[in-house]
Amino acid sequence: MQTIEALPEQSIDDQWSLTEAMRPSPRELVVARRYLHLKAVVIGMLAVGSYWSLVVAHSSVVEKVLSAVVLVVALTAAATSVFHDANHASFSTSRAVNHLAGYTGDLLGASSWIWRFKHNNLHHGNTNVVGFDADIDQAPFARLAPDQPWHPWHRYQHLYMWVLYGFLTLQWFLISDWVDLANHGVSRQRFPRRPRRRDVAMLALGKMIHIGWAVAIPLMYHRWWVVLTFYLAISWTVGLLLATMFQLAHCAELAEFFSPDVPRRGSDFVAHQLRTTADVHCRTRIGRRVLHWLMGGLDFQVEHHLAPRLPHTVYPLVAKRLSHVCDERRLVVLSHASPWQAVRSHARWLKLMGSRP
Ligand SMILES: [Zn+2]
């Protein structure tokens with residue numbers, strides 16, 4: 001594992017040549033997008049098949065539980081591999097297709113319109129910058145960066161945050177999207193323009209479709225408490241997986257955090273991303289493939305942050321080029337050696353930030 005002590009030494013005089021060196025050829029992009037579209041079809045089939053088995057088909061309790069597990073996998077992969085890519089405009093070369101595929105997030109309960117501002121603008125443009133990056137703003141529940149205020153209950157955040165992570169998608173659905181819409185922004189950051197009627201209508205439509213497939217249709221086949229139990233269990237597990245995957249890249253011991261005055265645009269962009277973002281590796285080839293399938297681009301976060309408009313299926317290829325060019329220039333690419341090591345590092349970071357400063 002790399003350490004952050006090495007990072008301040010990094011000087012990148014010609015930083016754009018780094019992203020240039022990892023740029024895929026047009027042919028590689030076509031192949032990667034073809035694979036991504038095939039993957040999206042498989043995810044869709046898994047989602048529809050498991051939903052049918054869970055809700056409509058006459059199946060045993062064991063089969064229902066197994067169907068719920070497959071549905072969790074399909075929904076998580078849909079979020080990391082279709083929703084995330086599409087909202088970065090990397091799913092397709094067509095703007096309309098990206099918007100349509102990006103709307104999968106609304107079907108999961110989260111507004112893709114608000115997500116694009118929160119994730120693309122605030123998080124990618126200000127990674128680990130306190131007051132700007134919405135991903136590290138979990139106030140008042142957690143303190144994730146040294147510059148954030150400490151409260152006594154943060155002493156236990158390394159225990160209870162895992163429970164709260166599970167409510168990620170549910171709180172997007174029920175609370176934060178509406179609050180952000182009413183406030184015309186996320187936390188203190190305003191939307192670049194006032195929400196139009198169409199934006200609000202699409203947000204509300206997405207919430208209604210979510211309620212329709214996740215609650216209303218199941219209620220036609222099952223008793224209310226069965227629907228509620230499965231809905232909460234599936235939503236909580238998907239939320240836990242997604243929140244954890246997003247946190248591993250930035251909220252760990254090896255990443256750095258900054259105050260709003262840090263230069264992070266223009267010539268400082270690449271250096272900033274290298275200091276705040278980490279990849280998640282896996283020691284075995286099969287483990288790497290499973291991890292990459294489920295996490296989409298979230299295991300190659302350094303490459304993703306340097307080139308967010310590439311489809312995630314090309315990241316394994318460009319990661320080798322980035323690693324090569326960084327080795328040549330003695331630049332550090334932060335990485336966790338395994339998912340387990342990444343989770344432990346995040347847990348230790350939570351504990352460290354939870355102790356009284
Ligand atoms: Zn992203």
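Quick one: which residue in 38, 71 is away from the ligand (no atom under 16 Å from the Cβ) and within 22 Å of residue 239 (Cβ to Cβ)?
After applying the criteria, what remains is 71.
How many residues does segment 144-177 contain that are out of contact with any Pro (no Cβ under 8 Å at 6 or more places or on another chain) and part of a loop (DSSP other than H, G, I, E, B)?
Total satisfying the criteria: 7.
Let's see how each residue does on (1) away from the ligand (no atom under 12 Å from the Cβ); (2) part of a helix (DSSP H, G or I); (3) of a type in the set (D, E, K, R); (4) more than 25 Å from residue 54 (Cβ to Cβ):
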{"position": "85", "(1), (2), (3), (4)": "no, yes, yes, yes"}
{"position": "90", "(1), (2), (3), (4)": "no, no, no, yes"}
{"position": "93", "(1), (2), (3), (4)": "yes, no, no, yes"}
{"position": "99", "(1), (2), (3), (4)": "yes, yes, no, yes"}
{"position": "107", "(1), (2), (3), (4)": "yes, yes, no, no"}
{"position": "115", "(1), (2), (3), (4)": "no, yes, no, yes"}
{"position": "119", "(1), (2), (3), (4)": "no, yes, no, yes"}
{"position": "132", "(1), (2), (3), (4)": "yes, no, no, yes"}
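State whether one or more residues within segment 276-294 are within 16 Å of the ligand (Cβ to nearest atom), assigned to a loop (DSSP other than H, G, I, E, B), of a type in the set (A, V, I, L, M) and within 15 Å of the chain's Cα centre (by Cα).
Checking segment 276-294: at least one residue is within 16 Å of the ligand (Cβ to nearest atom), assigned to a loop (DSSP other than H, G, I, E, B), of a type in the set (A, V, I, L, M) and within 15 Å of the chain's Cα centre (by Cα).
Testing residue 348 on (1) among the basic types (Lys, Arg); (2) surrounded by fewer than 15 Cβ atoms within 10 Å (Cβ to Cβ); (3) over 30 Å from residue 93 (Cα atoms); (4) at pLDDT below 95, one condition comes back false. Which one is that?
Failed condition: (4).
Only one residue in 302, 238 is assigned to a helix (DSSP H, G or I), within 16 Å of the ligand (Cβ to nearest atom), buried (at least 20 other Cβ atoms within 10 Å of the Cβ) and of a type in the set (Val, Ile, Thr). Which one?
After ruling out the rest, the residue left standing is 302.
Give the residues of segment 154-178 that are hydrophobic (A, V, I, L, M, F, W, C), surrounded by 12 or more Cβ atoms within 10 Å (Cβ to Cβ) and within 23 Å of residue 122 (Cα to Cα), sorted by residue number.
161, 164, 167, 168, 170, 172, 173, 174, 178
Please count how many residues of segment 121-130 are in a loop (DSSP other than H, G, I, E, B) and surrounded by fewer than 23 Cβ atoms within 10 Å (Cβ to Cβ).
Result for segment 121-130: 1.
How many residues, within segment 323-341, are in a helix (DSSP H, G or I) and surrounded by 23 or more Cβ atoms within 10 Å (Cβ to Cβ)?
Looking only at that region, the number is 0.
The values are calculated or read from the model by the stated rules, or taken from the named source; none is laboratory data. Predicted model only: the values in this text are computed from it and were never measured. With ideal geometry, Cβ positions are generated from the backbone for all residues, glycine too; neighbour counts draw on all protein chains shown.
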